[in-house]
Amino acid sequence: MATDKRRSTARGTRAANAEVIDMQAPAPAPAPGPAPAHGLAARDRALETAELSAQLGQRVRAARAARAMTMKQLAAESGISLPYLSRVEKGDGNISIAVLYRLAMALNLPIENLLSDSERFGSNYMLIVELLKRQSPAQLAEIRSLLGEYASGHKAGAAAPRRIALIGLRGAGKSTLGPRIAEQLGMPFMELNREIERDAGISLNEIFWISGQAGYRKLERRCLERIIATFPEVVLATGGGIVAEPATYELLQHSFYNVWLKARPEEHFERVMAQHDVRIASPQLRQDAMENIVTTLEAREGLYQLAHLAVSTSDKSIEQLTKDIVALVGGQQAM
């Protein structure tokens with residue numbers, strides 16, 4: 001039992017260090033009470049795996065039928081035995097990545113087509129995706145902007161951004177600047193993580209401990225939808241990792257004027273240190289946290305750059321930043 005306890009503690013420490021900059025993967029909650037129902041979770045995962053296998057089998061079968069290929073032909077062209085292919089199409093093949101790749105090549109399909117549920121969007125969706133693949137990054141940015149305008153029913157510049165979302169890593173200044181910006185603009189201020197806690201009735205630590213990252217993300221999306229439905233005007237401070245959730249980030253981009261508060265990695269770290277986070281109390285933990293800030297910024301930079309406005313918070317006072325952001329956002333509202 002002592003060994004299990006040490007392993008559990010080590011796992012919790014690593015998880016905390018990995019996301020210390022965002023407070024989005026906290027260490028397991030120390031509160032007393034029963035541990036999550038691992039047996040039920042394992043059973044749920046088994047059911048999900050079985051469902052995924054069944055869906056994969058249906059996609060392979062549908063793709064084969066669309067190409068007028070017999071099962072024997074597909075088996076020969078993919079180098080997979082006919083009995084095994086039969087099991088795959090029935091959903092009990094326990095398929096590996098290598099086999100999936102060979103099937104995709106034989107069907108002349110991108111491997112992701114066999115894993116995604118794109119069929120539920122109809123044939124137009126698949127053709128649109130292929131069309132988008134041929135566009136340059138600049139063209140994609142223009143297309144996304146036009147699609148956003150079409151979906152919202154607004155023409156460019158016709159609607160003032162009355163919902164403002166602050167995005168960026170922890171330590172960027174979202175919670176500090178947000179209330180000041182909201183006051184200057186005459187809007188309410190909200191923090192998405194606080195709304196998540198209120199909705200769940202428990203702390204973020206407990207959410208991650210009980211439901212994991214996936215559970216947190218579902219709550220995040222649900223709370224964002226509620227805010228959009230309830231507040232036509234609001235300044236919202238988001239969690240740093242929201243940009244890594246494509247569906248949620250698209251909703252944020254579509255419904256808010258996004259402002260990326262950016263800073264140098266060293267400044268992010270200094271601001272986190274000023275919060276006296278116990279998870280970076282030792283030199284080794286601080287080094288790990290600094291390395292994580294750098295790698296996370298690199299991984300998310302392209303996503304943050306999709307914001308409507310980027311503002312550097314480095315070497316500026318809170319008062320000056322508030323004034324600058326209000327002026328920039330106000331200029332957009334006046335267009």
Q) Residues in the stretch 286-301: is at least one of a type in the set (Asp, Glu) and modelled with pLDDT under 80? A) yes
Q.
Against the definition (in contact (Cβ under 8 Å) with a residue 60 or more places away in the chain, part of a helix (DSSP H, G or I), acidic (Asp, Glu) and assigned by TED's automatic domain parsing to the domain that holds Ile318), how does Glu206 come out, yes or no?
A. yes
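Being touching a residue at least 12 places away in the same chain (Cβ under 8 Å) and within 25 Å of Arg45 (Cα to Cα) is the filter here, so list the residues in the stretch 190-202 that pass it.
Listed by number, the residues that qualify are Ile196, Ala200.
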Q: Considering only the stretch 92-125, state which residues are among the β-branched types (Val, Ile, Thr) and either surrounded by 13 or more Cβ atoms within 10 Å (Cβ to Cβ) or within 13 Å of Leu74 (Cβ to Cβ) (or both).
A: Ile95, Val99, Ile111
Q. Does at least one position in the stretch 105-112 carry a residue that is outside any helix (DSSP H, G or I), of a type outside the set (S, T, N, Q) and more than 18 Å from Glu130 (Cα to Cα)?
A. no
(Q) Quick test for you: out of Ser282, Ser312, pick the one residue that is at pLDDT below 85 and either surrounded by fewer than 17 Cβ atoms within 10 Å (Cβ to Cβ) or of a type in the set (Phe, Trp, Tyr) (or both). (A) Ser282
Q) Looking at this structure, is Glu89 surrounded by fewer than 12 Cβ atoms within 10 Å (Cβ to Cβ) and part of a helix (DSSP H, G or I)? A) no
**Q.** Cβ-Cβ under 8 Å pairs, at least 6 apart or on other chains, the stretch 70-81 side of a type in the set (Asp, Glu), far side surrounded by 11 or more Cβ atoms within 10 Å (Cβ to Cβ)
**A.** Glu77/Met69; Glu77/Ala106
Q) Which one is surrounded by the fewest Cβ atoms within 10 Å (Cβ to Cβ) among residues in the stretch 71-86 that are polar (S, T, N, Q) and over 13 Å from Ser53 (Cα atoms)? A) Ser81
Q) Only one of (1) at pLDDT 85 or above; (2) within 25 Å of the chain's Cα centre (by Cα); (3) more than 18 Å from Arg61 (Cβ to Cβ) fails for Leu115. Which number is that? A) (3)
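The values are calculated or read from the model by the stated rules, or taken from the named source; none is laboratory data. Given the structure is predicted, the values throughout are model-derived calculations rather than measurements. When we count neighbours, we look across all protein chains shown, and the Cβ atoms used for this are built from the backbone with ideal geometry, even at glycine.
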